[in-house]
Each structure stands twice: as C-alpha cells, then as structure tokens.
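Just so you know, all these numbers are worked out from the coordinates, no wet-lab data involved. Quick caveat: nothing in here was measured; it's all calculated off a predicted structure. Neighbour counts are summed over all protein chains in view; Cβ atoms, including those assigned to glycine, are modelled from backbone coordinates with ideal geometry.
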Amino acid sequence: MICGSRSTSASCVARSRSRPPAVTGDPLLERALRVQMNAVETAPALLIGLWMAALWMSDLWAAAIGLVWLVARVVYLLSYMANPASRGPAFGAQFFAVLGLIGMGLVGVVMALL
C-alpha cells in the first residue's frame, strides 16, 4: 500500500515538473554569466579563507594573497570572454590563492591550539 502510493505520487510529481528556462542567445552573454556564477561559487571559500588567514596568521599576507585572487579573477574574466579554452592559468591562480588562504588559516588555528 505504502509503496503503491509513493510510486503514484512520484509519477505525478515527475509528470507535473517543468524544465527550468535555459539561457541561450549571445555567446558573450553566456560566457559573462558563467564567469559571474563561478565568482559566486568561489566567494564563500575565498571569504572564509581570507578571514581565517588574517585572523590566525598574518593580515598582510592574507591581503596580498587576496589581491592575487582579485587579479586572477580579472585575468580569468578577460581570457574567458576572449576564448573559453584559455582560462586555465587564471583559474589555477585563483584556485591556489584560495587554497593558500585556507591552508594559512588552518595552520594558524593548529599553531594556536598547540
């Protein structure tokens, strides 16, 4: 009885669902939206890493690495808008900047606990 009602309910939900609207049109607009979405996805890790590194290690080094991330984001934007295949080095720079900030923060926390 329960399985039958669940499968009926699931099939009704599946039939009534509509697909989300797709963004299509100008390729430059689609690239700009992808760049913006990537920045939104990266922002929480950056902000947490920046906060941890500045609080537990060095605010000067955290600011310097944050500046590296910012420059890498601008280079990523320009390279992705020109040619999506050329975005790799800038993406790597921003990724390692965030990774470095988080690593600095974690090392600082561990040092404070010891």
Here the residues within region 78-92 that are assigned to a helix (DSSP H, G or I) and surrounded by 17 or more Cβ atoms within 10 Å (Cβ to Cβ) are 79, 80, 90, 91
If you go through 68, 35, 75, the only one that is in contact with a Phe, Trp or Tyr (Cβ under 8 Å, 6 or more places away or on another chain) and either assigned to a helix (DSSP H, G or I) or touching a residue at least 24 places away in the same chain (Cβ under 8 Å) (or both) is 35
Of the conditions (1) surrounded by 11 or more Cβ atoms within 10 Å (Cβ to Cβ); (2) touching a helix residue (DSSP H, G or I) at 6+ places or on another chain (Cβ under 8 Å), the single one that residue 28 does not satisfy is (1)
